[in-house]
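Below you'll find the structure, written out as structure tokens, and then a few comments.
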Amino acid sequence: MREHRRKIGERGQITIPKELRERHGLKRGEEITIRETDDEIVLKPPTDEERLAEGYRKHADRSRTLAEEMENASTEATERLGDTPEWTREE
């Protein structure tokens with residue numbers, strides 16, 4: 001196990017060395033777990049399952065937003081243009 005020494009910044013921040021970020025696939029803005037034991041502070045990267053779940057959540061959020069935007073556009077068009085003409089309706 002290799003050790004890396006870092007200084008704590010003014011706001012309590014540290015920089016994770018680039019080598020470790022790359023090795024563990026850490027990306028800017030990604031959440032990590034900080035676990036405290038009696039005499040250690042352990043930083044734990046997200047598991048593949050956690051990353052996959054986050055990807056699904058973001059996709060669902062985007063889909064929900066798109067559906068809401070489409071509904072709003074449809075409502076706005078109906079308000080501006082009125083209801084659809086009879087010849088376009090299915091019987």
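Name the single residue, out of those in region 41-61 being among the charged types (D, E, K, R) and at pLDDT below 80, that is nearest to Arg23 (Cα to Cα).
Initial filter on region 41-61 (among the charged types (D, E, K, R)): 44, 48-51, 54, 57-58, 61.
Now drop any that are not at pLDDT below 80, which leaves 48-51, 54, 57-58, 61.
Numbers: Asp48: 14, Glu49: 17, Glu50: 17, Arg51: 15, Glu54: 20, Arg57: 25, Lys58: 24, Asp61: 29 Å.
By that ranking, first place goes to Asp48.
Can you say whether Glu68 is outside any loop (DSSP other than H, G, I, E, B), of a type in the set (Asp, Glu) and within 21 Å of the chain's Cα centre (by Cα), as far as the supplied structure shows? Even if it seems obvious, please write down each step before you answer.
On the way: outside any loop (DSSP other than H, G, I, E, B): yes; of a type in the set (Asp, Glu): yes; within 21 Å of the chain's Cα centre (by Cα): yes.
Yes; evaluated as a whole, the condition is true for this residue.
Residue pairs whose Cβ atoms lie under 7 Å apart, separated by 6 or more positions or on different chains, with the first residue in region 66-91 and on the phi < 0 side of the Ramachandran plot and hydroxyl-bearing (Ser, Thr, Tyr) and the second exposed (fewer than 10 other Cβ atoms within 10 Å of the Cβ) and modelled with pLDDT of 80 or more, do not occur.
Which of the residues that make up region 33-47 are free of Cβ contacts under 8 Å to residues at least 24 places away in the same chain and surrounded by 12 or more Cβ atoms within 10 Å (Cβ to Cβ)? Even if it seems obvious, please write down each step before you answer.
Residues of region 33-47 free of Cβ contacts under 8 Å to residues at least 24 places away in the same chain: 33-42, 44-47.
The answer is Pro45, Pro46.
The residues of region 24-44 that are within 18 Å of the chain's Cα centre (by Cα), over 20 Å from Arg5 (Cβ atoms) and assigned to a loop (DSSP other than H, G, I, E, B), listed by number, are Gly25, Lys27, Arg28, Gly29, Glu30, Glu31. In this structure, does Glu50 turn out to be of a type outside the set (Ser, Thr, Tyr), touching a Pro at 6+ places or on another chain (Cβ under 9 Å) and either free of Cβ contacts under 8 Å to residues at least 40 places away in the same chain or not in a helix (DSSP H, G or I) (or both)? For Glu50, the condition - of a type outside the set (Ser, Thr, Tyr), touching a Pro at 6+ places or on another chain (Cβ under 9 Å) and either free of Cβ contacts under 8 Å to residues at least 40 places away in the same chain or not in a helix (DSSP H, G or I) (or both) - is not met.
The values are calculated or read from the model by the stated rules, or taken from the named source; none is laboratory data. It should be emphasised that the depicted structure is a prediction, and the values quoted were computed from it without experimental measurement. Methodologically, a virtual Cβ is constructed for each residue, glycine included, from the backbone with ideal geometry; neighbour enumeration extends over all protein chains shown.
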